[in-house]
Number of protein chains: 2
Amino acid sequence: MREIILADHAGFCFGVKRAVDGIAEALAQTRAGWSIGMPIHNPQEVARLCAKGLKIASDVEEIPEGARVFIRAHGEALSVFKELQAKNALIMDMTCPFVQRAQARAGELSAQGYHIVLLGDIRHPEIRSIQGHVDGSIDVVADAADAEKLPKKRLVALISQTTQREELLASVASALIFRTEELHVCNTVCRATVERQDAVRGLAGKVDGLVVIGGKESANTAKLRDIGLACGMDVIWIENISELDGGWLLGKDKIGAAAGASTPEWLITEVCTKIARM
Amino acid sequence: MREIILADHAGFCFGVKRAVDGIAEALAQTRAGWSIGMPIHNPQEVARLCAKGLKIASDVEEIPEGARVFIRAHGEALSVFKELQAKNALIMDMTCPFVQRAQARAGELSAQGYHIVLLGDIRHPEIRSIQGHVDGSIDVVADAADAEKLPKKRLVALISQTTQREELLASVASALIFRTEELHVCNTVCRATVERQDAVRGLAGKVDGLVVIGGKESANTAKLRDIGLACGMDVIWIENISELDGGWLLGKDKIGAAAGASTPEWLITEVCTKIARM
């Protein structure tokens, strides 16, 4: 039988697990509830929750009056909470506590007069939710080169999307020091992302190929694939076992398995078990 | 006649000029006053002030009861102010306002619960004066390697000696981001130091030799010498004209002149005029 080596840290992070467990628990009792967009970036797990009664709205307007609404792990802007309250929605907030901390610090520091700089992907829902907690001036940067284009400001607070790398946060902070009198850096980088990435590096040289399991929308899963390739591994990225080409397995005795922070354990187990027997 | 090209920025910075002018003005009226240690790092200028009535004490204990005392540009610890008050001293505070800002921010951020990290030379009077405004926990680091040895702390404030380079402050901040939840960086680096250093670089390739004028105790003058050497210039460092070896001038038609932030204008003028005629 083929040997499967699972990365030391793989699958659900604390925040995703908390959101999924909370939604599943509530649905078991109420059989109905909404989320605005996918509550986590994994289609298979979302399908499982939809089978239990979850409905996905594309925006707030689609939510019916008085409905139960789960706020997803990435969080939502304060304006979304207000719109939901105006609809008498029953809000169940599943925002990751680490994202909540980034939101809160952004809001507090903005209120204290700081210009807010967010490090992250401007299209990512987490960044949009943090932006949505700031009333004052704000910029989003993807790297130090972006930060170098910002004008000088007296007071700047730098806050990171939780899934960014600390090295990138440090390089952006370095760039901002030349453009500020006082720079307040909140290191809101979450360990989960780094742990999953380090775990992929730990498989290098120990396996004949790496299977990365996770949603194609998941940015942190994409990074695991990139790290595997950078370590010289033969990498395949699949959402579920049906996507795995048996030919890829030929001649490979030891297979590494990695999974993003939104990949559920049942899916990891299913993929690993089937690969072992193929 | 030999051509002398004076660096674009040379000699007294704002803080030193303010201290020297203030001491000279007071001595013109009162004919007597004390400083604890040299008020600025230039023996010739200090000698000029001593001729007007300035007395130099080696420590606070040496100051007589009720005496007039000038606090030097680098500042003093709060404990020194208290000891002087206990002696009914008439304190004239000549601390550079940029150093005062670093002292104040260190004290305030410490009171707010931040562990204070100072970037600078632990033996330098400015760093000792900033340290002396902090009641809580504090570390002094010289570079990023020092910062990497510090234990992790939740709240850290990083404050710079005013004469450090911004590049060094940025690299220390980068190192601290991995060791903190929130890092508050006060960019207390003063433009005067950078301007004098850039001005030396601006002379490279334009002169046959560089005369650096300034006290041998002056750290910022030593850096001007180092930069001149790094730019490939033939450099000589003198405190006054008597130290200049005529042989060094042979075959040199164009001479650059640079001076540290504690070198008085009259000394620069004297040296330049004499070199031109030698």
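A few comments on the model shown:
- Among A:Ala170, A:Ala73, A:Ala219: highest mean-square fluctuation, GNM of chain A, C-alpha pairs under 10 Å: A:Ala170
- Per-selection metrics, region A:235-278 (Cα): Rg and Dmax in Å: 10.2, 30
- Chain A: relative contact order as a whole-number percent, Cα under 8 Å and 6+ apart: 23 percent
- Debye intensity ratio in log₁₀ form over the Cα atoms of region B:65-145, taken at each q of 0.14, 0.20, 0.24, 0.26 Å⁻¹: -0.48, -0.88, -1.12, -1.23
- Helix screen, chain A: DSSP H segments with Cα axial length of 15 Å or more and mean Kyte-Doolittle hydropathy at least 0.5 are A:166-177.
- Rounded to the nearest angstrom and listed largest first, the equivalent-ellipsoid semi-axes of the protein assembly as shown from its Cα gyration tensor are 62, 29, 19.
- Hits among lysines - C-alpha to C-alpha of A:Lys87 under 19 Å, sequence gap 8 or more where chains match: A:Lys55
- DSSP-assigned coil residues among GluC sites (Glu not before Pro) in region B:59-118, each with at most 15 further Cβ atoms within 10 Å: B:Glu65
- FRET efficiency for B:Glu265 and B:Ser79, using Cβ-Cβ distance with R0 set to 35 Å, rounded to 0.05: 0.50
- Modelled spin labels at B:Asp59 and B:Glu167, positioned 7 Å past Cα toward Cβ, are 4.0 nm from each other.
- Radius of gyration and Dmax over the Cα atoms of chain B, both given in Å: 20.5, 63
- Size descriptor for region A:133-278, Kirkwood hydrodynamic radius: 17.4 Å (Cα pairs only, one decimal).
- Of the trypsin sites (Lys or Arg not before Pro) in region A:100-146, those whose Cβ has at most 11 other Cβ within 10 Å and which sit in DSSP loop: A:Arg123
- Of A:Lys17/A:Lys52; A:Lys216/A:Lys254; A:Lys149/B:Lys152; B:Lys17/B:Lys216, pairs whose Cα-Cα distance is over 28 Å: A:Lys149/B:Lys152
Bear in mind that the values in this text are calculations on the coordinates, not laboratory data. Quick caveat, the model's predicted, so the values are computed rather than measured. Quick reminder, even Gly has a Cβ in these numbers, built from the backbone with ideal geometry, and neighbours come from all protein chains shown.
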